[in-house]
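The structure appears below as structure tokens.
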Amino acid sequence: MEKRGKKNTSIEKILCIMGYSIVPLFFAILYLLMTETFEDIMQGNSEAGMSVGGIIERIYNYIPRLGEFYQHIAVHSMTMQVSFGLDMLFRLITAAFASGVIYFSTVFALGRKPKLKYKDVVVYLGIMLFIMVSIFSEAFTYRFSYANNYVLGLLVAIGFLVLFRLKLSYDKWWKIVGAILLGFAFGISTELAPVAFLILVGLWVIAKIKKREICLADFWGKYRLQTFAVLGLMAGLAFFYFGKGLSVRTGGGYADVYDYVSPMGLLNDTLETGYKLVHHVWYNFRYVFFAVPLMCVYIFVEATLLKKNRKPYLFWQGVLLAFCALFIGATSLIAVHDDLYPRFMVPLFMAIVLSTALFVNHVVEYAKVSEKSLKITAIVTTVLGIVLVIDMTFAFALYNRQMAPKLDAINFNPGGELTITAPVKGTTMIPSPIFSLKQLPPFDWGPSADYAKFGL
């Protein structure tokens, strides 16, 4: 019996190590094989003669978003296809960011660091597979301007949530500094998510004080790290909105394309503005319409059936549902379509992913699922993860090889506009055969019909 137990433990550890290695392997291969897209090349060309400081200043006066800073600094040193040096370094850093999103999502779902346990690797790979079968996989795969920008934003957002989920406490000065920096990074990560979370924090504080469950002095003692993180978040929001990010989004061509509606219109033309806002909510909800009823089912099951240790799960399910409501409400100011959808709406989708992973983790704990069932599930998810890696590698390696001899048609003009010597044919990537993963071409913005997996 002892030998059999040791053997089973060894199998579990080996399988878990294999499973945990799939995600960083996937993203490392993906970004090493990806060819820069037209937008990436164009940005690198237009800023070729600028210093890093000059790029930072320019982005601050355009859209002072965390990922926007990183994207422009990265493509400043990247090449169209992988090369040794800074190019490879930035590709691997981006792979680390993407892997971090999956890792911290798992930490959030489990409420602790993942262990070499079947259940943990199932949650980890389940999150990865959930993302990759959805249209929101395009935030990771479509082009570097998405991966560098929105994936980094997701990483700091989920990292910020983990700070609260694990109730991390203060014991070193550098943790205070880290919390402030994390909060600041979250504040400039995306336009809507930080504002929504700040509102939720405010409501939580008011509710706690009103119920006399906590006093203001407790925040310095019990929630010191979280308090500094929120202060950093507020500083980040100030940094973002004192820049020109808001005016870029609410004026000019961007506002016309996405039918921006000013909320001030409710004062002047209540009926028409209200109609447009409601229409935008319905329109923007089309690919995530299942979110609210699904999350309500999670809360109902948690409240009525899963009574053991349900309090923290119920709390976070409520937070995620409220976040979705605030987020979708805020998106009513624009009609989200074309390739903006999978990147702009990805925070909402990740909230659904986190809610689902949280629920699955609690159900497995509550039902005391057998080790044999968990083992079989871990084997299945690991096999699917391996298939995912092979599927992506095949498609992106083929496209990399197809584009390599054609890239000479691109003529660089540092600080100016790119020129293409002759029309280049056959540039649209054939999606991977199983998961339909793909990227945009390096010679133009890509055909509008191929903007997304399911058509937006």
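Some points to look at:
- Residue list for the range 358-382, restricted to those being without any contact (Cβ under 8 Å) to a residue 12 or more places away in the chain, open to solvent by less than 80 Å² (accessible area, probe 1.4 Å) and among the hydrophobic types (A, V, I, L, M, F, W, C): ALA367, VAL380
- Among the conditions (1) touching a residue at least 12 places away in the same chain (Cβ under 8 Å); (2) open to solvent by less than 60 Å² (accessible area, probe 1.4 Å); (3) under 30 Å from ALA303 (Cβ atoms); (4) assigned to a helix (DSSP H, G or I), the only one that TYR399 does not satisfy is (3).
- When the residues of the range 125-168 are filtered to those that are among the β-branched types (Val, Ile, Thr) and more than 20 Å from LEU25 (Cβ to Cβ), the one that is farthest from the chain's Cα centre (by Cα) is VAL162.
- Taking the criterion of being hydrophobic (A, V, I, L, M, F, W, C) and assigned to a helix (DSSP H, G or I), the residues of the range 328-350 that qualify are ILE328, ALA330, LEU333, LEU340, PHE344, VAL346, LEU348, PHE349, MET350.
- Being under 19 Å from PHE160 (Cα atoms) and in a helix (DSSP H, G or I) holds for only one residue in VAL353, VAL383, and it is VAL353.
- Scoring MET132 on the criteria (1) hydrophobic (A, V, I, L, M, F, W, C); (2) open to solvent by less than 20 Å² (accessible area, probe 1.4 Å); (3) without any contact (Cβ under 8 Å) to a residue 60 or more places away in the chain leaves a single failure, condition (3).
For (1) more than 29 Å from ILE93 (Cβ to Cβ); (2) among the hydrophobic types (A, V, I, L, M, F, W, C); (3) at pLDDT below 85; (4) in contact with a Pro (Cβ under 7 Å, 6 or more places away or on another chain), each residue gets a yes or a no:
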position	(1), (2), (3), (4)
ASN148	no, no, no, no
VAL156	no, yes, no, no
ARG165	no, no, no, no
TRP174	no, yes, no, no
ILE199	yes, yes, no, no
LEU225	no, yes, no, no
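- Among residues of the range 174-202, those that are closer than 15 Å to PHE164 by Cα and without any contact (Cβ under 8 Å) to a residue 12 or more places away in the chain, counted: 2
- So THR428, is it more than 25 Å from HIS76 (Cβ to Cβ) and not in a helix (DSSP H, G or I): yes
- Checked against (1) closer than 23 Å to PHE197 by Cα; (2) at pLDDT 80 or above, LYS276 passes all but condition (1).
The values are calculated or read from the model by the stated rules, or taken from the named source; none is laboratory data. Bear in mind that the values here come from a model prediction, so they are computed numbers and not experimental data. When we count neighbours, we look across all protein chains shown, and the Cβ atoms used for this are built from the backbone with ideal geometry, even at glycine. Heads up: the accessible areas ignore ligands, DNA and RNA and are worked out on the full protein's heavy atoms, side chains in. Shrake-Rupley method; radii C 1.70, N 1.55, O 1.52, S 1.80 Å.
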